[in-house]
């Protein structure tokens, strides 16, 4: 018996992502988000999220080189470049959306 098709898996993944995004939208505070994320993600995943968020904030401040950010955060310059690309070029604009609300 065959498993689900790639098309069905893709549709299922989109539906699951939407449900996750909608769940985040229901959170009302930082402490609530923390409770949810600690249940949802592993400590390593939370660490990676926090690292990328710190990188985004440092890049947004300006005046920091990739090497300087790497020294401060311990992140690779590849990770910093990826965050920079998503901050400045990608269509999602999620980092920018939240940074502008702070």
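Things to note:
- Spin-label model distance (nm) - residue 54 vs residue 35, 7 Å beyond Cα toward Cβ: 2.7 nm
- Percent RCO, i.e. relative contact order, over segment 42-102, from Cα pairs under 8 Å lying at least 6 residues apart: 29 percent
- Principal-axis analysis of the Cα atoms of the chain puts helix 77-88 at an angle of about 80° to the longest axis.
- The relative contact order of the chain comes to 17 percent, based on Cα pairs under 8 Å that sit 6 or more residues apart.
- Between 0 and 90°, nearest 10: helix 43-61 axis offset from the chain longest Cα axis: 50 degrees
- Packing, taken as the mean count of other beta carbons within 10 Å per residue, orders the peptides 28-40, 67-79 from highest to lowest as 67-79, 28-40.
- Highest mobility in the GNM of the chain, judged by mean-square fluctuation with C-alpha springs under 10 Å and restricted to 47, 17, 61, is found for 17.
- Entry note: segment 42-102 has Rg to Rh equal to 0.95, where both radii use alpha-carbon atoms and Rh is the Kirkwood radius.
- In degrees, nearest ten, helix 6-25 long axis to first principal axis of the chain (Cα): 60 degrees
No lab work stands behind these numbers, since they all come straight from the coordinates. Keep in mind the model is a prediction, meaning the values are calculated, not measured. A quick note on method: Cβ atoms are made from the backbone with ideal geometry, for glycine too, and the neighbour counts reach across all protein chains shown.
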